[in-house]
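Engineer: I have a structure I would like to understand better, so I am pasting it below and will then ask my questions one at a time.
The values are calculated or read from the model by the stated rules, or taken from the named source; none is laboratory data. Because the structure is a prediction, the values reported are computed rather than measured. Reconstructed Cβ throughout: ideal geometry from the backbone, glycine too, with neighbour counts over all protein chains shown.
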Amino acid sequence: MWTYRPEWKNQVEAICETSQGDASTVYRFDLCSHTGTYVETSQHKLATDLLLSDFDLTSTVRPCHVVCVSGEQSKPVSLDQVETEIRRAGINVEVGDALIVATGWGLHHRSDSFIDRCPFFSEGLVAWLSELRLGLLGVDTPVIDNAREPFQAVQRLFESTPRLLLMAPLVIDCARVRTGDYFLSAAPLNVEAVSASLCRPLLLEGIA
C-alpha cells in the first residue's frame, strides 16, 4: 500500500500459518494512519481535540459531489476550472456538503513522481473551498499545496472549518467517472483515539 515516506512503510507479518502446520493463519498489521487513502480531522494540522470518533458514520457515508478537472503535472488547479465544471454539470454545492475534486492524478500513485510532481490547488481555489465550509473534501493528489511556494493550504482549510474531514489521496479514473452527484461510502477503519485512519472509498451511482 502506498505511503508518503519510506519510514512510514507498512509491515504485514504472519504470526501463524496453516501452511506451516499451525491451526490457523493470522497476520499482524503494522500500519501508518496516512496510508493508501485515509480520512483525517483538523487535528492533523491544528491543536484541536477532534478525533474520528467524534464524527458519526454519516460523515463519511453520504451523498457526494464529484468534480473532474484536468490536472497537469506540477501545475495549479484553478478556481475557474472547478467553477466552470460545476456550472457545466449543473451541480449545486452547499455549506456542509461532501465534495471530491478529481484530476486523474491518483492513477499515478505507484509512480516515483506521485508526490513531487502532482498538480496542486491554487490559492484562489483553496480560499473558495474554505468559504464553502464543507463537511468533507476528497482529493486525488497526495498534496494540495504549492511545493515551491507553500501557503499552508490544508491548514487554511481546517482553520476555516475545524470540523472538516479531509480524504486523500483517492484513485479516480476521470475517463470513467464523470462530474456529477454520487453516494460515497468511505467509513474509516474504526480505530479508537486517532485523528486519521485508512478507508476504502467507493462511489455509488443511482442512490438518492
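Engineer: Could you give every pair whose Cβ atoms fall below 9 Å, whose first residue belongs to region 8-25 and is farther than 30 Å from Y38 by Cβ and among the hydroxyl-bearing types (S, T, Y), and whose second residue is modelled with pLDDT of 95 or more and outside any helix (DSSP H, G or I), counting only separations of at least 6 or pairs across chains?
Structural biologist: So the pair list comes out as T18/S24; T18/T25; S19/T25.
Engineer: For region 17-36, how many residues meet the condition of being within 26 Å of S185 (Cα to Cα) and in a loop (DSSP other than H, G, I, E, B)?
Structural biologist: Result for region 17-36: 5.
Engineer: Conditions first: (1) farther than 23 Å from L202 by Cα; (2) crowded, with 16+ Cβ neighbours inside 10 Å; (3) of a type in the set (S, T, N, Q). S78 passes all but one, so which condition is the exception?
Structural biologist: If we test S78 against (1) farther than 23 Å from L202 by Cα; (2) crowded, with 16+ Cβ neighbours inside 10 Å; (3) of a type in the set (S, T, N, Q), just (2) comes out false.
Engineer: Would it be correct to say that S130 is surrounded by 16 or more Cβ atoms within 10 Å (Cβ to Cβ), in the same structural domain as A196 (by TED's automatic domain parsing) and more than 17 Å from the chain's Cα centre (by Cα)?
Structural biologist: no
Engineer: Next up: Yes or no: E40 free of Cβ contacts under 8 Å to residues at least 60 places away in the same chain and charged (D, E, K, R)?
Structural biologist: no
Engineer: Could you look through region 110-155, keep only residues that are among the polar types (S, T, N, Q) and outside any helix (DSSP H, G or I), and pick out the one that is nearest to Q73 (Cα to Cα)?
Structural biologist: Only one residue tops the list, namely S113.
Engineer: Follow-up question, since we're still on this one. How many residues, within region 37-87, are part of a helix (DSSP H, G or I) and among the small types (G, A, S)?
Structural biologist: The total comes to 3.
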